[in-house]
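Asks: A single structure is presented below for examination.
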Amino acid sequence: MGKSSKGRVGLGNVISLAGLSLMGFFTFMGALMLTKGNMGASVGIAIATVVVLSLIIGAAVHCKKVDTDFAKWKKVEIGALIVFVLAAVYPAKYVIHFFGVMSNKESLQKEAMADAEKIRGMFHTYEDAERSAIAVTTTGLQNAFGEESDMNVKEYLTSAAIKSYGDIDTWMLNERRLLLGDSGADGMASYLTYKSNVDSILNNWIAEVKAWDVMSVGRQSRVPSELAPTVAEELSKRSQTGKLPVIEFSEGIYVESKSNQTVTISTPEMSFEKKLTTPGAIGALNMVIYLVILALISLQYVMTPRSEKTEIGEDQNISNIEGVNKL
């Protein structure tokens, strides 16, 4: 084998190693996004991809260079190439997803901001519901005070320490502080403190998403999906701490028609995590990039010269083979 052949093989090795490096890196980055920042799983997927592809292409190269039993090794070589193509299908979703995410970065950042507003909207829903409930109870108390009422209304007036008409305003302010202000109940932080803490988390998260650290964006995608149900549960729980009955006039007396008004906050669907961690449509450009990476990996095989030796079959005479010196 001449020097030029050795040179070609050496260059093919270098280019294939570069291709495997790119495959490993982009597979890792795509897996990091699809697994929501699971570093261990992503490293494992990337290493397995590189090892499997390198072993298969190495086997094909070996088969191409052997100088005995050509028919047998040719079949093995073809089999290795088929397995290589099949094995390359698995990491495709990670590599293509990575480039798809990067090409839609601005759109995904808008989705993140929309998710943050959905969570803030949960607070608006809670506040509107509680303000309405306080207003309904306040009106009922004002109407019922000093009038004929059932036992439930009388007991509520006593428990709320409402002894005069002016006490109703004091009661209303206390309820508002409890449900919407700076007063906590049962060891809970005040509503304003809790709202401020959540808002701070959202502001920090949005800042990180805007910075777009590709190593962290997968992990960051979990923030709104984990925060939203927690906020919904907390606000629904806080609504239970108040006692805002509905008091109505019925059959000549004021009665408590409903013992308490509460609001159950539902969890809105978060779209940032879903779009970041779900493989989307395969873009033509992203597929071309992936195929180029595969071509780089395959270059070692392409540039490896086939053995120049000639196999002698069972029915052949060595003296009849062209190029063989005769004595």
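Asks: Tell me the residue from TYR301, TYR254 that is closer than 30 Å to GLU175 by Cβ, at pLDDT below 90, in contact with a Gly (Cβ under 9 Å, 6 or more places away or on another chain) and not in a loop (DSSP other than H, G, I, E, B), please.
Replies: TYR254
Asks: Has the range 98-111 got at least one residue that is in contact (Cβ under 8 Å) with a residue 60 or more places away in the chain, under 13 Å from TYR301 (Cβ atoms) and surrounded by 21 or more Cβ atoms within 10 Å (Cβ to Cβ)?
Replies: no
Asks: Looking only at the range 201-217, decide whether some residue is farther than 30 Å from LEU108 by Cβ and either basic (Lys, Arg) or assigned to a helix (DSSP H, G or I) (or both).
Replies: no
Asks: Related question: Can you list the helices (runs of 4 or more DSSP H) lying wholly within the range 92-196 that have 3 or more residues being at pLDDT 95 or above?
Replies: So the answer is 105-144.
Asks: Restricting attention to the range 47-61, does a residue exist that is part of a helix (DSSP H, G or I), under 19 Å from MET215 (Cβ atoms), open to solvent by 70 Å² or more (accessible area, probe 1.4 Å) and among the hydrophobic types (A, V, I, L, M, F, W, C)?
Replies: Yes, the range 47-61 has at least one match.
Asks: Name the one entry in GLY37, GLY19, GLY30 that is outside any helix (DSSP H, G or I) and open to solvent by less than 30 Å² (accessible area, probe 1.4 Å).
Replies: Criteria check complete, one pass: GLY37.
Asks: For the range 242-256, enumerate the residues that are buried (at least 16 other Cβ atoms within 10 Å of the Cβ) and either within 19 Å of GLU117 (Cα to Cα) or among the hydroxyl-bearing types (Ser, Thr, Tyr) (or both).
Replies: The answer is TYR254, and nothing else.
Asks: Next question. Looking only at the range 227-276, which residues are within 18 Å of ASN143 (Cβ to Cβ) and of a type in the set (Phe, Trp, Tyr)?
Replies: PHE249, TYR254
Asks: Counting only residues that are in contact with a helix residue (DSSP H, G or I) (Cβ under 8 Å, 6 or more places away or on another chain) and open to solvent by 10 Å² or more (accessible area, probe 1.4 Å), which one in the range 220-233 is nearest to GLU269 (Cα to Cα)?
Replies: SER225
Here is a yes/no grid of residues against (1) touching a helix residue (DSSP H, G or I) at 6+ places or on another chain (Cβ under 8 Å); (2) within 22 Å of TYR191 (Cβ to Cβ):
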{"residue": "ALA129", "(1), (2)": "yes, yes"}
{"residue": "THR139", "(1), (2)": "no, no"}
{"residue": "ALA144", "(1), (2)": "yes, no"}
{"residue": "ASP150", "(1), (2)": "no, no"}
{"residue": "GLU155", "(1), (2)": "no, no"}
{"residue": "SER164", "(1), (2)": "no, no"}
{"residue": "ASP167", "(1), (2)": "no, no"}
{"residue": "TRP171", "(1), (2)": "yes, yes"}
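Asks: How many residues, within the range 121-131, are in contact (Cβ under 8 Å) with a residue 60 or more places away in the chain and surrounded by fewer than 15 Cβ atoms within 10 Å (Cβ to Cβ)?
Replies: 1
The values are calculated or read from the model by the stated rules, or taken from the named source; none is laboratory data. Since this is a predicted model, take the numbers as computed values, not measurements. We place every Cβ from the backbone using ideal geometry, glycine too, and count neighbours over all the protein chains shown. For the accessible areas, the whole protein counts, side chains as well, though only heavy atoms, and no ligand, DNA or RNA atoms are used. Shrake-Rupley method; radii C 1.70, N 1.55, O 1.52, S 1.80 Å.
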